[in-house]
Amino acid sequence: MSKVTAVVIHAHGKPEEVVRVEQVELPRVGPKDARMRMLFAPINPADLNVLEGTYPLRPTLPGVVGGEGVGRVEEIGSAVTGVRIGEVVLLPLGVGTWRQEVVCPAEDLIPCPDDIPLEQAAMLRVNPATALRMLLDFVTLAPGEWVVQNSANSGVGRAVFQIARARGWRTINVVRRPELIEELLLLGADVVVLEGEGAEVNIRAATGEAAPRLGLNAVGGESASRLAKALAPSGTLVTYGAMSRQGMRISNGDLIFRDLSFRGFWVSRWYRQATHAARLAMFEEIFILAREGQLHTPVEAVFPLEKAKEAIEAASQGKRGGKILFGGS
């Protein structure tokens, strides 16, 4: 077995303190496997949660970290037919993408068109997929309908308003910093309001009588309560994150008198339950949006694996202009 450079943890704790850059053994390629050279891999909030030990899916320790990424196929097993050598592919969730090379079952790979920028391709499996599934799977939206969300500057949040705009839906986007308002409006958000007391009033003012039937919550606590208050009767609030680390506060009145539904979404669960055909069908739309530039995530910096601590420190900063990626090793 050969060895490759990887970002490894031996224990959970403060993210920048637990990561190590080590040489790890690369498994042999079996008949149904493929070996990829990692091109780019992002640092997502879920990856930081993995390092802390608070995320449900964690590698066996010691283990390699990294939830998603894009790679180029270098070798395939004798029974592989779905991918070819030299092809660019999206790597599976949770395979440990923060390494030079990875071996995994070929059936878990998603072939990626060559005309999509590699940095963008590395970020398509988690955030855009989360956004698209939440927009499609909980409420059947008519053209022109409103969707309201908090954490609109996050990777998922940006994907939500970009996908919604492409499909003809309108979005109300809640952010914490006033300097983000103009930026998100220029990127395609229809309405941007500031987080805080009274946000639900501003949301209702923006939509008039057409209150949104779908809300997307990545924060929890009071922010989620404000989204719920802004929803139409019988609306649905989908929670996919808990950035505030505060629990949901569900009003008895919202349940009894307004008949709101409170749901949860986890993209890892969707991937486990979806057929391979369903995954490919979803990515057909995502690839079209990415190719046409309608779906785009800004990148602030790219770090080699050897500078893992610096990369983690950069990704942990609250005020960034874009994603932090590993690449170029």
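How tilted is helix 276-291 with respect to the longest principal axis of the chain? Cα atoms for both, answer in degrees (0 to 90, nearest 10).
80 degrees
Roughly how many percent of the accessible protein surface of the chain is carbon and sulfur, given a 1.4 Å probe and a whole-percent answer?
So the carbon and sulfur contribution to the accessible surface is 50 percent.
So which lysines can LYS32 reach, going by Cα to Cα under 27 Å and dropping same-chain residues fewer than 8 places off?
By straight Cα distance, LYS32 reaches LYS3.
Run the quick spin-label model on GLU284 and THR54: label points 7 Å from Cα toward the beta carbon, then report their separation in nm to one decimal.
Inter-label distance under the simple model: 4.0 nm.
Put one equal scatterer on each alpha carbon of the chain, apply the Debye formula with no solvent term, and list log10 I(q)/I(0) at q = 0.10 1/Å to two decimals.
Values, matching the q order: -0.59.
Compute the helix-to-body angle for 127-137: its Cα long axis versus the longest principal axis of the chain, expressed 0 to 90° and rounded to tens.
Approximately 50 degrees, to the nearest ten.
Starting from the Cα of LYS14, draw a straight line to each of the lysines and keep only those under 17 Å, dropping any in the same chain fewer than 8 residues away.
LYS307, LYS309
Do the sum for the chain: with -39,500 (n - 2.57) for every DSSP H run of n ≥ 4, divided by all residues, what is the mean residue ellipticity at 222 nm, to the nearest 500 deg cm²/dmol?
Calculated mean residue ellipticity at 222 nm is -8500 deg cm²/dmol.
Counting only heavy atoms of protein chains, what accessible area per residue, in Å², does the chain have with a probe of 1.4 Å?
Details: 14690 Å² over 329 residues.
Heavy-atom SASA per residue in the chain reads 45 Å².
The values are calculated or read from the model by the stated rules, or taken from the named source; none is laboratory data. Because the structure is predicted, anything quoted here is derived from the model rather than measured. Cβ: placed from backbone, ideal geometry, glycine included. Neighbour counts: every protein chain shown. Surface areas here come from the heavy atoms of the whole protein model, side chains and all, with no ligands, DNA or RNA. Shrake-Rupley method; radii C 1.70, N 1.55, O 1.52, S 1.80 Å.
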